[in-house]
Protein chains: 2
Amino acid sequence: HQYFPGILSVTHCMEEVNGVPKLMDLLDEPVPGVGTYEDFNTIDWVREKSKDRDRHREITSKSKESTWALVNSVCDAFSGWLLMLLIGLMSGALAGGIDISAHWMTDLKEGVCLNGFWFNHEHCCWTSNETTFQERDKCPQWKSWAELIIGATEGPFAYIMNYLMYVCWALLFSFLAVTLVRAFAPYACGSGIPEIKTILSGFIIRGYLGKWTLVIKTITLVLAVSSGLSLGKEGPLVHVACCCGNILCHLFTKYRKNEAKRREVLSAAAAVGVSVAFGAPIGGVLFSLEEVSYYFPLKTLWRSFFAALVAAFTLRSINPFGNSRLVLFYVEFHTPWHLLELVPFILLGIFGGIWGAFFIRANIAWCRRRKTTWLGHYPVLEVLVVTAVTAVVAFPNSYTRTSTSELISELFNDCGLLDSSKLCNYDNANVTKSSNELPDRPAGDDVYTAMWQLSLALVFKMLITVVTFGMKVPSGLFIPSMAVGAIAGRLLGIGMEQLAYYHHDWVIFRGWCSPGADCITPGLYAMVGAAACLGGVTRMTVSLVVIMFELTGGLEYIVPLMAAAMTSKWVADAIGREGIYEAHIRLNGYPFLEAKEEFSHKTLAMDVMRPRRSDPPLSVLTQNGMTVEDVETMITDTTYSGFPVVVSHESQRLVGFVLRRDLTISIDNARQRQDGIVSTSRVFFTEYTPPQPPNSPPPLKLRGIMDLSPFTVTDHTAMDIVVDIFRKLGLRQCLITHNGRLLGIITKKDILKHVAQIANRDPDSILFN
Amino acid sequence: HQYFPGILSVTHCMEEVNGVPKLMDLLDEPVPGVGTYEDFNTIDWVREKSKDRDRHREITSKSKESTWALVNSVCDAFSGWLLMLLIGLMSGALAGGIDISAHWMTDLKEGVCLNGFWFNHEHCCWTSNETTFQERDKCPQWKSWAELIIGATEGPFAYIMNYLMYVCWALLFSFLAVTLVRAFAPYACGSGIPEIKTILSGFIIRGYLGKWTLVIKTITLVLAVSSGLSLGKEGPLVHVACCCGNILCHLFTKYRKNEAKRREVLSAAAAVGVSVAFGAPIGGVLFSLEEVSYYFPLKTLWRSFFAALVAAFTLRSINPFGNSRLVLFYVEFHTPWHLLELVPFILLGIFGGIWGAFFIRANIAWCRRRKTTWLGHYPVLEVLVVTAVTAVVAFPNSYTRTSTSELISELFNDCGLLDSSKLCNYDNANVTKSSNELPDRPAGDDVYTAMWQLSLALVFKMLITVVTFGMKVPSGLFIPSMAVGAIAGRLLGIGMEQLAYYHHDWVIFRGWCSPGADCITPGLYAMVGAAACLGGVTRMTVSLVVIMFELTGGLEYIVPLMAAAMTSKWVADAIGREGIYEAHIRLNGYPFLEAKEEFSHKTLAMDVMRPRRSDPPLSVLTQNGMTVEDVETMITDTTYSGFPVVVSHESQRLVGFVLRRDLTISIDNARQRQDGIVSTSRVFFTEYTPPQPPNSPPPLKLRGIMDLSPFTVTDHTAMDIVVDIFRKLGLRQCLITHNGRLLGIITKKDILKHVAQIANRDPDSILFN
């Protein structure tokens, strides 16, 4: 140790002479509760990381002493990997279960299997021997409800019967879902990604990732998806994976006790969620990195990747779709695309961007209405009405009747010769059966019918999703957005294909699309459209393209996807800056400091700090001049969550910072346990306590709970730098000085209010600290 | 604007009353040179980013005034994308050129094409009509040197002739390479990745990414690769791409004038480099993120991805290998792997880790010897000797004679029935030609010969690479490391295969490897081995796996690759913490603050700060008490690169921080241009200059060059937090206060010295500021 000769070294040396590091007295035996956080508060990343480093140091230094401690230290080092393995296994298994149950229950709306009610339509017919390849979906064991109840398969009565049963099941499922959510786990509703983003940025919402939320969200997600509502399971799967991560954290002290370390695990869990939702481990990691995470060190990158892979392989071994793939809509295209096709791809991007931006506006307006008007008081009724409308409108149209993933799967699909769907009803007269490549062919009548139905489905999906997302059931947005884009893309694709077939002498087609060639793949257009709409809504970029790349498995198609995703993001950003998750975060008033947007105003720290000119001066503690009563009065008189400690009121020279919670707990604890602490006891934050007069009460030493290294910036610091510091270091508050004197304080909430004010929004919309 | 009533508001209000923002006086008309950096110095990220935000704000506010300004602002917004496009195109084209030339010159060592000397062996035979598929490498137009000079193709004389020519060409190429590097661009040697890492972390090395370096590195890279030395082109390609990025930055003011913005571009360029080197755009982006970059905002992620894709597509359209792929060693495997095979894969990981760690030690020891002994004085001789040894030893062994990429390509290859290479000489007696899958077969004699040759090649490569990496020619390490791993892997793979063939009744093979099945793919083992060795040397993890994934194109093989890469990293880390690039950075004494390793010692800021107890007190300026002469004396008496400004020597209350360079330039400029500034002029750093006595010289106002928001931490701040702040905010220095008084300063160099001291290394090995 070497010291600078100055005011410090005197007291410091004195400490050394005594031989006892006084400074550590209180830190070594912490009062229970000191250093923890209250619900709906922001954590201090610096303190948490510091705590973890202390723990790590202790284990490392102990490990040299005994073999047992060494084993312990190795276990500690590998506990992170073990945790990742467990999260991967658990999330993969849960995702598999959700997929299988949702598949079965979706089919249950249409009929039941006589071999066993637990078979879904496809499984039912697999076990049957009587099916041929062409009609693998039709087998005698599978009975529609009309057949089962009134014994008729055709005719208006059967149709009405099926219709009725479809609507009834849908209502039953959604009723169960909303009731379960309301009764047991209110946090289980919605997609969960906005809240997870906020939690990862350092906010505390107790119970949001708890076991009840996990159980109820898993069950109600299946119910909500099966009810046929226009929602997906991808967002909620991220929430489910994060719940798994959080619950499994409790197995390891390292992660249970440290909010920062736990958030590293949750970042990895978010990657796992996307990995199982889309079968895209790399895309999942990039999603977590790009979209969800706040603090993402390289160690987390590597662990997330491991966890995402474990989850993907668990899901694959469960094989929920029976296609050896992780998702229903895995595709492989074979035809290359032409440079000129970039024009329609960019058009799809523009469509996606416009739709995304308007969807966000409409959805936020609707959610705000739900928050402020009578609508919010009847969540069950709302869900039932929306379900009823969805089911009634969806049933007559075969493209809305099936589950949305199946619809997407059909739209992505490249028509083969044997495909029996209406979308593949082409005129195959000129096709030589032997050739591997299918040339462009004229569309049959069924294709035109399908196009009409798809157009209606498009309008319906676009409208109903606005009111569905945000209801009190688990609801993801990925699948509905993708469906909208896929429909639009497929329609454009078929249009282009027919145009190319009938007009291959046009200039734009000449040279690359000769008659009898396979120029246009409508499935690719559907995929590009899906990426565009998803991009417009979520503003994802790299992760979106990588997820889509993992779905197709060919580097070939990255360029179209990227062109669409880029256009979509630019167009959507031009209309409204926020993605859907940021918009919902703002709607709920969470204290989330957006890392993507640059703070671009030329304000200084002194313009944002508290107290303002008209306010009373900053409440500060002095390091040695106050009694217990003074401190208690200050605590009751103010609501601030922390107080700076200064040398004296006159000098305003900063010593440290004390949190209100720690102060209250410590004083209460001292009054109860420590002999002689009364209201007139003096409170000392100094290292060395001066000898007290003989008959005065013993002093209360509180240096142990004081943060000796509070962050300070000068009043002339530009706010963009302050915001940067808050983001990068994860601060809760920062003190403002001028020429070495304490002037004021800026908290995260102050910054968020300032940002809101600049954007002409209500600064009081920021609700939490 | 709202102010806190205090010392500040008086002066601040006065400013407002005057109506002129005095504060900005000097910033608006900057003295040329103020705000720039000297060579071999560290930049201040906060200041650079702040400058860019100011520029951006100005453009945004102007854009509302006129249409022209609006167009300008849109152009500015898109200039980043345009730059990425250009970098992608240029790097892709250069990489294609390098591939083609290196291929041609490598073949030139063995012979020449009669149809035109500019054809390489393969092209020469393509143009010939007389070749059949089996013998596509043999055609009359291609003449070996022996055939051309002495007219013989067989016999000892011809062999000796070819041997001689091979060595001569190798010597010629390497001599040219080393001479060109020494004569024109000394920075063109080595891999460049350690320096690029340092530059990206905020260091300035002028000319390292300049046009001469680009030209010479491109040419000498081709020469060095063709000379047959044990080196690769992958690392240098990253350097070449970064040169392109840096040079193209000059086209755009936004990037030319801002060191921080330029580093964003360079991060993207590093991704481009890997993208063209391995044909792996996603892997390239992750490489840049994981391995090279320091500051990698999300915007850069997206742009890097774009640039990497453009480069990959440019390279693909050049098609340098004639296989429609970006790399020579693209493979597709078809057989799944079995869980039990993880054991040999992990063994390969252990091998890779051990080799990687020992390679780093040996290479660093050799490089240190080169730096300190006579060896360093004869770089040309060193290169020639190593080339001669390489060529003489390599020629007799066909696996070392070919280029290393071809060797890797052959080792990765899954043997087909038609493959004529010795490694594929299996006994095909029991194979039915019709089946698609080739079962495991007994190895023929040639396979055993090949295994012997490969073992020798393995030993040779392991030894020669140690002395090759670090010579004064461009040299990458990826390919030699991969070659070592691929040889080891292939040998193990063949061993496993034969074991499984002859002993499929053993317990370990029973159940999954029946006779006549294709159980083991030796090519996959080679790939896993390559990943393991590369991981051991570079300690890459996710990016390595993703690069390999993009080479194979199947999610299937990620698990073996990851198992090997993880084991390799753990084993190597257990032997020595540093990867090869960090080791070289430390060897060269660059000021690089490693972001991956946690600072784990319990020291405080006061233990690290200057001045130490025995040193003279900190040199400070006072805000209003000094004359020009005082300041100049302080500048000449000290060598510090900056000085804190305090209110007064007595109070030591901090006002701001001034950089030495800015101070010198401003005073010189004022003395030359500003009337009446003499040695007795008073220097003011205050906002408001008090009226001077009538006949005193005019004051010199320097508030404009002062950083009003210097970073400060208290002396009790733990060093781990200080290191974190330095890393995350990219600081150059940080001031230390105690109870509001200035105590000392910590610079990046102090931290690096402290880290070196803790690790028991020489703190003076850190050379630069």
Number of positions in segment A:746-762 that are surrounded by fewer than 23 Cβ atoms within 10 Å (Cβ to Cβ) and not in a helix (DSSP H, G or I)
5
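Does segment B:631-645 include one or more residues that are in a loop (DSSP other than H, G, I, E, B) and over 21 Å from B:I43 (Cα atoms)? Lay out the reasoning, then the answer.
Initial filter on segment B:631-645 (in a loop (DSSP other than H, G, I, E, B)): B:638-641.
When the remaining residues are screened for being over 21 Å from B:I43 (Cα atoms), the result is none.
No, every residue in segment B:631-645 fails to be in a loop (DSSP other than H, G, I, E, B) and over 21 Å from B:I43 (Cα atoms).
Do we find that B:T712 is among the hydroxyl-bearing types (S, T, Y) and at the interface with chain A (Cβ under 10 Å from one of its Cβ atoms) in this structure? Spell out the reasoning first.
Values: among the hydroxyl-bearing types (S, T, Y): yes; at the interface with chain A (Cβ under 10 Å from one of its Cβ atoms): yes.
Yes; evaluated as a whole, the condition is true for this residue.
Can you pull out the residues in segment A:493-532 that are of a type in the set (D, E) and under 22 Å from A:V559 (Cβ atoms)? Show your work before the answer.
To start, the set of residues in segment A:493-532 that are of a type in the set (D, E) comprises A:497, A:505, A:518.
Matches in segment A:493-532: A:E497, A:D518.
Only one residue in B:R586, B:R612 is among the charged types (D, E, K, R) and without any contact (Cβ under 8 Å) to a residue 60 or more places away in the chain, so which one is that?
Step by step, each of B:R586, B:R612 is checked, and only B:R612 is among the charged types (D, E, K, R) and without any contact (Cβ under 8 Å) to a residue 60 or more places away in the chain.
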Quick check on this structure: which one of B:G493, B:G535 is out of contact with any Pro (no Cβ under 6 Å at 6 or more places or on another chain) and not in a loop (DSSP other than H, G, I, E, B)?
B:G535
Checking A:L200, A:L209, A:L214, A:L223 in turn, the sole residue that is buried (at least 24 other Cβ atoms within 10 Å of the Cβ), under 19 Å from the mean Cα position of the chain (by Cα) and closer than 25 Å to A:A277 by Cβ turns out to be A:L209
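Going through segment B:481-495 one residue at a time, which ones are surrounded by 24 or more Cβ atoms within 10 Å (Cβ to Cβ) and either over 10 Å from B:L454 (Cα atoms) or of a type in the set (A, V, I, L, M, F, W, C) (or both)? Reasoning before the result, please.
Here is the first cut: in segment B:481-495, the ones surrounded by 24 or more Cβ atoms within 10 Å (Cβ to Cβ) are B:481-490, B:493.
Matches in segment B:481-495: B:S481, B:M482, B:A483, B:V484, B:G485, B:A486, B:I487, B:A488, B:G489, B:G493.
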So for segment A:107-116 (the condition being in the same structural domain as A:A277 (by TED's automatic domain parsing), among the polar types (S, T, N, Q), assigned to a loop (DSSP other than H, G, I, E, B) and more than 30 Å from B:A563 (Cβ to Cβ)), does at least one residue qualify?
yes
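Go through segment A:530-560 and give me each residue that's over 23 Å from A:E582 (Cβ atoms) and not β-branched (V, I, T).
Residues of segment A:530-560 that are over 23 Å from A:E582 (Cβ atoms), as a first pass: A:549-560.
Answer for segment A:530-560, where residues must be over 23 Å from A:E582 (Cβ atoms) and not β-branched (V, I, T): A:F549, A:E550, A:L551, A:G553, A:G554, A:L555, A:E556, A:Y557, A:P560.
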Residues of segment A:611-656 classified as among the acidic types (D, E) and touching a helix residue (DSSP H, G or I) at 6+ places or on another chain (Cβ under 8 Å), total:
1
Against the conditions (1) outside any strand (DSSP E or B); (2) more than 40 Å from the chain's Cα centre (by Cα); (3) under 20 Å from B:V620 (Cβ atoms), where does B:V683 fall short? Just the number, please.
(1)
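Among the residues of segment B:39-56, how many are assigned to a helix (DSSP H, G or I) and touching a residue at least 60 places away in the same chain (Cβ under 8 Å)? So that I can check it myself, show each step before the final result.
From segment B:39-56, those assigned to a helix (DSSP H, G or I) are B:45-56; that's our starting set.
Right, trim to touching a residue at least 60 places away in the same chain (Cβ under 8 Å) and you get B:45-49, B:51-52, B:55.
Within segment B:39-56, residues that are assigned to a helix (DSSP H, G or I) and touching a residue at least 60 places away in the same chain (Cβ under 8 Å) number 8.
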Of all residues in segment B:594-611, which are more than 8 Å from chain A (Cβ to nearest Cβ), closer than 27 Å to B:I204 by Cβ and surrounded by fewer than 20 Cβ atoms within 10 Å (Cβ to Cβ)?
B:E594, B:E597, B:R610
In segment B:651-680, anything assigned to a loop (DSSP other than H, G, I, E, B) and under 28 Å from B:R741 (Cβ atoms) is listed as B:S651, B:Q652, B:R653
Being more than 20 Å from the chain's Cα centre (by Cα) and among the polar types (S, T, N, Q) is the filter; apply it to segment A:507-560 and report the residue that is surrounded by the fewest Cβ atoms within 10 Å (Cβ to Cβ).
A:S514
Being in contact (Cβ under 8 Å) with a residue 60 or more places away in the chain, part of a helix (DSSP H, G or I), under 25 Å from B:L340 (Cβ atoms) and among the β-branched types (V, I, T) narrows it down to one residue among B:I487, B:I464, B:I508; which is it?
B:I487
Any residue in segment B:98-124 that's farther than 29 Å from B:L214 by Cβ: show its pairings with residues that are among the basic types (K, R) and modelled with pLDDT of 85 or more at Cβ separation under 7 Å, as long as the two are six or more apart or on different chains.
B:G111/B:K143; B:V112/B:K143; B:L114/B:K143
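Among the listed residues A:S101, A:S91, A:S79, identify the single one that is assigned to a helix (DSSP H, G or I), within 21 Å of the chain's Cα centre (by Cα) and either crowded, with 23+ Cβ neighbours inside 10 Å or at pLDDT below 95 (or both). Spell out the reasoning first.
Working: A:S101 fails: within 21 Å of the chain's Cα centre (by Cα); A:S79 fails: within 21 Å of the chain's Cα centre (by Cα).
Of A:S101, A:S91, A:S79, the one residue that is assigned to a helix (DSSP H, G or I), within 21 Å of the chain's Cα centre (by Cα) and either crowded, with 23+ Cβ neighbours inside 10 Å or at pLDDT below 95 (or both) is A:S91.
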Search result, residues across segment A:252-293 that are buried (at least 24 other Cβ atoms within 10 Å of the Cβ) and part of a loop (DSSP other than H, G, I, E, B):
A:G279, A:A280, A:S293
How many of the residues making up segment A:612-628 are touching a strand residue (DSSP E or B) at 6+ places or on another chain (Cβ under 6 Å) and facing another protein chain (nearest Cβ under 8 Å)?
0
Pairs, first surrounded by 14 or more Cβ atoms within 10 Å (Cβ to Cβ) in segment B:57-70, second charged (D, E, K, R), C-beta under 7 Å, six or more apart
B:R57/A:K602; B:I59/B:D76; B:A69/B:K62
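Quick check: is even one residue across segment A:318-329 more than 20 Å from A:G80 (Cα to Cα), in a helix (DSSP H, G or I) and at pLDDT below 90? It would help to see each step written out before you state the result.
So the first thing to find is which residues in segment A:318-329 are more than 20 Å from A:G80 (Cα to Cα), and the list is A:318-329.
Next, only the ones that are in a helix (DSSP H, G or I) stay: A:318.
Now restrict to residues that are at pLDDT below 90: A:318.
Yes, that holds for at least one residue.
Condition (residue is assigned by TED's automatic domain parsing to the domain that holds B:G228, of a type in the set (V, I, T) and part of a helix (DSSP H, G or I)) applied to segment B:130-142: is it met by at least one residue?
So in segment B:130-142, the residues assigned by TED's automatic domain parsing to the domain that holds B:G228 come out as B:130-142.
If we keep only those that are of a type in the set (V, I, T) as well, we get B:131-132.
Subsequent filtering for residues that are part of a helix (DSSP H, G or I) retains none.
Checked against the condition, which is being assigned by TED's automatic domain parsing to the domain that holds B:G228, of a type in the set (V, I, T) and part of a helix (DSSP H, G or I), segment B:130-142 yields no hits at all.
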Of all residues in segment A:563-601, which are aliphatic (A, V, I, L, M), within 30 Å of B:V46 (Cα to Cα) and more than 18 Å from the chain's Cα centre (by Cα)?
A:M566, A:A574
Pick out the one residue from A:G470, A:G535 that is in contact (Cβ under 8 Å) with a residue 24 or more places away in the chain, in contact with a strand residue (DSSP E or B) (Cβ under 7 Å, 6 or more places away or on another chain) and either within 21 Å of A:K197 (Cβ to Cβ) or of a type in the set (S, T, Y) (or both).
A:G470
Among the residues that make up segment B:562-574, is at least one of them within 11 Å of chain A (Cβ to nearest Cβ), in contact with a Gly (Cβ under 8 Å, 6 or more places away or on another chain), surrounded by 24 or more Cβ atoms within 10 Å (Cβ to Cβ) and within 20 Å of B:L328 (Cα to Cα)?
no
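The values are calculated or read from the model by the stated rules, or taken from the named source; none is laboratory data. Predicted, not measured: the structure shown is a model, and the values here were computed from it. When we count neighbours, we look across all protein chains shown, and the Cβ atoms used for this are built from the backbone with ideal geometry, even at glycine.
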